1. Extension gain residue 454-residue 270, at 0.36 nm per residue separation less the Cα-Cα distance, in nm?
2. Once R0 is set to 22 Å, what does the formula 1/(1 + (r/R0)^6) return for the Cβ-Cβ distance between residue 144 and residue 233, expressed as a FRET efficiency to the nearest 0.05?
3. Please give the peptides 348-358, 425-435 ranked by average Cβ packing (other Cβ atoms within 10 Å per residue), highest first, as a rough proxy for protection.
4. In nm, to one decimal, how far is the residue 104 label point from the residue 154 one, both placed 7 Å along Cα→Cβ?
5. Cβ neighbours within 10 Å, averaged per peptide: list 246-255, 198-207, 141-150 in order, most packed at the top.
6. Let's test the formula: R0 of 41 Å, r as the Cβ-Cβ distance of residue 286 and residue 240. What FRET efficiency results, to the nearest 0.05?
7. Assign one of three labels to the stretch 251-360, namely rounded, prolate or oblate, based on the Cα gyration tensor with a ≥ b ≥ c the square roots of its eigenvalues; rounded applies when a/c is under 1.5, prolate when it is not and a/b is larger than b/c, and oblate otherwise.
Amino acid sequence: MRDKVPAAPQVVTIVHRLNGLKMFRLLLRSQQQVQAIESLDSTFSLMNDVHTNVIAGLAMDDGETIAAWLPEADVELPRPPVAAFPRSGSNFFGGPDVTVIGPDGNRLAARYIGLDAVTGLSILKLANKQTMPARVIKDEPPKAGETVLLLGPEPVTRPRTAFNNNLRVRMGATEGQIQHVVTAPSGEIARFKVTAARLTQENIGGVAINEAGETIGIVDGLEGTEASILPTALIRRAAERVSQQQASVPRPWLGVKGEAVAALKANEFVNHGWAMERASALAENHRGILLTSIAPDSPAAKAALRAGDVILKIDDKDILNEEDFTWWLEQAGPSSSVEFTVARPDWPSEQEFNVKLSGMLDPAFSFNLRWRPWGKGFSLIDQGIETVALRRPVAMQLGTTAGLLVVYVEPFTAAFDAGLQPGDVIQLIDGKPATSFKPTPQPTVLTFEIVRNKEKIVVKLAPKKK
């Protein structure tokens, strides 16, 4: 780390706080897939801050837009405006609790706009437009060999900037060098890679600047000894997408799995119904994506794409590998229509397919949680209710002996309208223990016996039919 960080007034500090309920929701959506809460510290509070993430943010040159890497913020989405929730407890749906600190240490009032799922960046807007220095964000492509600095907050023992709860940080800098630049099929820069003497997970989200102090990107991942940098052109595009929608913008979703033709041998096509002669021709051509599976009820399924199909082009652009395929889909955007040129084993010639893409903020979340209890035809997640099971010691702390802790209730669902709230513990459903409840095939009304603030309440709701 450099002792003296060069002036970079476009780099701000963002403090993002999560309460206990939001942390549990994050665990539900993570790869850990927590099944139950075994124990809690006696001082633990569901409603108070239990985790604080401090990250660098980039103030764009419009003077009011902030772009930052806040991956934990997606546990608080979807999130309609707070004004839409008049009842008590609506703050749970009011969006991430973020504080923006300017380079001078002053707090800047800001609101969270949404997540751009393609880049993973979160976008915020300052309440009062700030005057930003000219020409601090560089749009020209970086070059291999250039020296860069990766800026990000780090803890200090002596306060330079103070936040609530005595949290103090300063802006540190890691020096590195651009090793190579990754070009997208469109010809623009997709990423560039930086090596440094010491890189850790703390560098992810850092703002990359050149020796002139100009921003050239944001660190969005580590690959071995290299940091992957998202260039400013893609950051601008992400900010524009979210700003235009004034909401999170999902990643385009087709609903397929596939492999690049260039990586396959002829006999692998034969396994998907291709004759050897045509399979050999495809393998030698080294272009296209062989579809190996199609998700049910996906845009691909609705367009009658099948496993064994080979997508050769998207909107008349050749597909040479999986990176090309992903890039052109992302450029198309969610809810857009794309034209695929497709070869099929039992067709003598290529055909055109018009496919309307859908959008998904987090495909893994939807897939993993959709099959939670209670079997085919009904689940709490289908009703917009996310829960985690409580073991007896934890349940007793909350005024019951067992049950499901509600960590999120989707707005505008029957459960939300019925008054179910995050922090409630569902003890019984239709008089049966919630943790083992199995409904009738098509329940018309469900009676939830819940504990809220150690008091028992009855909530009735009409479940949504799939």
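Only the coordinates and a few stated rules stand behind these numbers; no lab work does. Just so it is clear, the model here is predicted, and its values are computed rather than measured. Methodologically, a virtual Cβ is constructed for each residue, glycine included, from the backbone with ideal geometry; neighbour enumeration extends over all protein chains shown.
1. 59.9 nm
2. According to the calculation, E is roughly 0.80.
3. Order by mean packing, descending: 425-435, 348-358.
4. Once both label points are built, they end up 2.7 nm from each other.
5. Result, highest mean Cβ count within 10 Å first: 246-255, 198-207, 141-150.
6. FRET efficiency, residue 286 to residue 240: 0.70.
7. Working: a/c = 1.89, a/b = 1.62, b/c = 1.17.
Since a/c reaches 1.5 and a/b is larger than b/c, the shape of the stretch 251-360 is classed as prolate.
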